[in-house]
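Asks: Handing you this structure, nothing more for now.
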Amino acid sequence: MLGTRQEGLAQVFTQQADFTAATGATLLTFPAIAYDAYSDHPSGAASSCGPTLPGIDLPWGSSRPTVNVLAPRASTWLCFMGPGWNHNNTNPFPVKPTIIANGEDDFEIAFLRPVSAVGLELLTNGLAQHKVTLTFTDATQEVLEDAVLDTGANAFEFVGIQSSRRIRSLFIDTAGGASMNEGIAAIWTAP
């Protein structure tokens, strides 16, 4: 498997160890237990949800968040789903707190302080088709198509992106997320 490839301004990594070694990126804190993150539990045990707005601030529990995760096409909830959660619309099942939306699982990640690199552990569905749009601090954009991201179906897949331009935000457009969940199990960033 090819570990890195260059696409436009961005270098794409498919191996988390290669990405963190090259960028020095650190893992953002997620809640330790999905059920404890929010007081609302519309999806039952092993999950908790908040409204789609204002999104989820990370690192979790920080008084000075650096990242905000939104699901702009979701219907009502943005949730953490954890081990034991099973509604027969997620494969594989979450093994740790994972961000999933109620409705279309497209995600916008805004960096409150722009970054040079971002890594994502994605929970993919049976289609595993993604398009990532990077928005840089100068308002220009770069689109990374599915073939470059190289994610497999029904798996936890790593995608890391390092850019020569500062990244202000990224948008993950998923296919089929409204009927078979996709999610984000981890995020790494480097200044």
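Asks: If I ignore ligands, DNA and RNA and count only protein heavy atoms, how much of D57 is accessible to a 1.4 Å probe, in Å² to the nearest 10?
Replies: That residue has around 70 Å² of solvent-accessible surface.
Asks: Could you give the spread of the C-alpha atoms of the stretch 110-191 along their three principal axes, from largest to smallest, in whole angstroms?
Replies: 35, 21, 20
Asks: Calculate the FRET efficiency for A147 and N88 from the Cβ-Cβ distance with a Förster distance of 41 Å, rounded to the nearest 0.05.
Replies: 0.85
Asks: Only helical DSSP H runs with n ≥ 4 go in: add -39500 (n - 2.57) per run for the chain, normalise by residue count and round the 222 nm mean residue ellipticity to 500 deg cm²/dmol.
Replies: Here the helix-only value at 222 nm equals -1500 deg cm²/dmol.
Asks: Among A32, A128, A117, which one shows the highest mean-square fluctuation when the chain is modelled as a Gaussian network with alpha-carbon springs under 10 Å?
Replies: A32
Asks: Tell me the net charge near V115. Cut-off is 13 Å between Cβ atoms, V115 excluded, with +1 for each Lys or Arg and -1 for each Asp or Glu.
Replies: +4
Asks: Okay, moving on. Quick check for you: with a 1.4 Å probe and neighbouring chains kept, what is the accessible area per residue of the chain, in Å²?
Replies: 43
Asks: Take the chain, drop everything but the C-alpha atoms, weight them equally and run the Debye formula without solvent; then report log10 I(q)/I(0) at 0.15 Å⁻¹ to two decimals.
Replies: After summing over all Cα pairs, the log10 values are -0.83.
Asks: Determine the share of the chain's accessible area contributed by carbon and sulfur atoms, expressed in whole percent, with a 1.4 angstrom probe.
Replies: The value for the chain is 51 percent carbon and sulfur by accessible area.
Asks: Still on this model: Per residue Cα convex hull volume for the stretch 32-89, in cubic angstrom?
Replies: 91
Asks: Let me ask something else about it. Of E142, E104, E121, which is the most mobile in a GNM of the chain whose springs link Cα atoms less than 10 angstrom apart?
Replies: E142
The values are calculated or read from the model by the stated rules, or taken from the named source; none is laboratory data. This structure is a prediction, so every number in the text was calculated from the model and none was measured. Glycine gets a Cβ as well: all are built from the backbone with ideal geometry, and neighbour counts include every protein chain shown. Side chains included, ligands, DNA and RNA excluded: accessible areas come from the protein's heavy atoms. Shrake-Rupley method; radii C 1.70, N 1.55, O 1.52, S 1.80 Å.
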